[in-house]
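A quick write-up on the structure given underneath.
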Amino acid sequence: MVLDKCTHCGNNIPLSAERCPHCALPGIFPNVRAAEQVEEQEALNKRYQESLQRAASSSCEQVAKDFETALLDSQAVIARSLLDASRLVSSDKQLYATFYQLVEAGVRLPSGSKWDPLREVADSALFPGYKKQVHFAALSLDGWGLSNYGDCFLVLRNQMIGHRASVFEENSVIFMEKHKIPMSQAHNLPAGYRATWGERAKLCLAKLVYKLHLNTREDAFARILLKEGKTSEEDSFVEVHIWGPMTARTIERVIVNKPKRRADRVILKSLYEKLLKVGVALNTRAEVA
Ligand SMILES: [Zn+2]
């Protein structure tokens, strides 16, 4: 497939376009196309081959293979407050707005932390011209998400997002900071740190092979992939970028941290009833641990 040519009219499509600007062919997901670029794929493959060599030299090829196999079933998880989740699932029509859509609508203020300007730069660099359309999630093997963003984990259906999702090495803001990428170079991010949904296992192995050992058991894989920190800056995870809208139908199941406050238990009960109507299961974290 020639990435930059429209399959309908044959003209070139700019990398950041969400549909062909010439014939309006839709269904072009710019975050996925970015991950499909040859230089991205070559750089990722190089990291992947190095991770296989590393696994071989530490005699944990089988563990690495098992880790990759487990990752084929990994899912994207969005963490939100109980109240946000409850609002989202209240009807089929409720679209789940992205951060920038909420800010633009005047519904939400940027949080005012030192990360805000960095977040803007990172998002504009990663998603030139389409950051408003991108949802963020964490890649998970067991449905657990990042509690720093909310007590309610929305586990998305792979079938509803695989075609429009890409994965990124880590929290994109932390990535910019760690790689010391100056604003002037933000348009030119190092290659090999993003992958299509279908290649997410490769990226995860390349990133995490150093955490695998001969005696690493399969039940340890989930926390190797995603580990919550005391603050969101200390969270360790692979970030999922999902282009476009979602509704309750995008969700497969919901997991919540056991609520401590009475008010939260009331919201949880109403969330449970709403989810029942759309056929989405809800578990508390204690039940799945
Ligand atoms: Zn076209």
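Values computed for the structure shown
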quantity	calculated
Output for the stretch 162-197, where each listed residue is part of a helix (DSSP H, G or I) and surrounded by fewer than 16 Cβ atoms within 10 Å (Cβ to Cβ)	His163, Glu177, Lys178, Met183, Ser184, Gln185
Scan of the stretch 218-277 for residues that are under 19 Å from the mean Cα position of the chain (by Cα) and part of a helix (DSSP H, G or I), ordered by number	Phe221, Ala222, Arg223, Ile224, Leu225, Ser232, Glu233, Glu234, Ala248, Arg249, Thr250
Residues being away from the ligand (no atom under 13 Å from the Cβ) and not aromatic (Phe, Trp, Tyr) - total across the stretch 1-57	31
Which listed residue is modelled with pLDDT of 90 or more and either buried (at least 17 other Cβ atoms within 10 Å of the Cβ) or basic (Lys, Arg) (or both), from Ala34, Ala56, Ala97	Ala34
Count - residues of the stretch 12-43 that are aliphatic (A, V, I, L, M) and farther than 17 Å from Ala165 by Cβ	7
Residues of the stretch 185-199 satisfying the condition of being farther than 17 Å from Ile174 by Cα and small (Gly, Ala, Ser)	Ala195, Gly198
Top-ranked residue of the stretch 251-289 - restricted to ones that are within 13 Å of Phe153 (Cβ to Cβ), in contact with a Ser or Thr (Cβ under 7 Å, 6 or more places away or on another chain) and of a type in the set (A, V, I, L, M), ranked as surrounded by the fewest Cβ atoms within 10 Å (Cβ to Cβ)	Val256
Residue tally, condition without any contact (Cβ under 8 Å) to a residue 24 or more places away in the chain, part of a helix (DSSP H, G or I) and under 20 Å from Glu177 (Cβ atoms), over the stretch 114-161	3
Condition met for Arg87 (within 27 Å of Lys274 (Cα to Cα) and free of Cβ contacts under 8 Å to residues at least 12 places away in the same chain)	yes
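The values are calculated or read from the model by the stated rules, or taken from the named source; none is laboratory data. This is a predicted model, so every value here is computed, not measured. Every residue, glycine as well, gets a Cβ built from its backbone with ideal geometry; the counts of neighbours run over all protein chains shown.
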